[in-house]
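Following: one structure in structure tokens, then a few remarks.
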Amino acid sequence: MSISITELAGAHCSHQTTALSEADIQSHLAALPEWQLDNGKLARRFDFKDYYQTLAFVNAIAWVIHAEDHHPELSVSYNRCGVKFDTHSVNEGRGGLSVNDFICAAKVDALFAQRAH
């Protein structure tokens, strides 16, 4: 069963204790073509014109992910922001990917699409 970016962006995070299967991960990745797997995390890099745009994006991400209570790893520099999601509570605390990671990635994509050029 495939899922769309619109469905993901419209969903909300909930407590997760079970990681997605590899098939489910691949299905969810298909909805988010700019994202990739990086050492077990869902990752994407966003490029900007300058530091102001980068920080504005980071602040927008912070507001959205705080509302979802699902926080990524961020790496921020002058004109780029790296975002990595994973879920620490799945796989009996060993971590992995859950639907929450894909929900938040879709929300971050929506923020990036709305930015001023």
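All of the numbers you see were taken from the coordinates with simple rules; none came from a lab. Only a predicted model underlies this, so the values are computations on that prediction, with no experimental measurement involved. Glycine also receives a Cβ, built like all others from the backbone with ideal geometry; neighbour counts cover every protein chain displayed.
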Residues of type lysines that residue 84 reaches as a straight line, Cα spacing below 17 Å, ignoring anything fewer than 8 places off in the same chain: 41, 107
Taking the Cβ of residue 98 as the center, what net charge do the other residues with Cβ under 10 Å away carry, scoring Lys and Arg +1 and Asp and Glu -1? -3
Label-point separation, residue 12 to residue 115 (7 Å along Cα→Cβ), nm: 2.8
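Just subtract the alpha-carbon distance of residue 59 and residue 77 from 0.36 nm times their residue separation and send over the number in nm, one decimal.
That works out to 5.1 nm of additional length.
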Magnitude of the Cβ-charge dipole (Lys and Arg +1, Asp and Glu -1) of the chain about the Cα centre, nearest 20 debye, reported as 360
Given the candidates 37, 27, 55, the one whose Cα lies deepest towards the positive end of the charge dipole of the stretch 13-117, counting +1 at each Lys or Arg C-beta and -1 at each Asp or Glu C-beta, is 55
Would you indicate which of (1) 0.96; (2) 0.99; (3) 1.14 is the value of Rg/Rh (Cα atoms, Kirkwood Rh) derived from the coordinates of this structure? (1)
Given 0.36 nm per residue, what is the gain on full extension from residue 2 to residue 51 after removing their alpha carbon distance, in nm? 14.0 nm
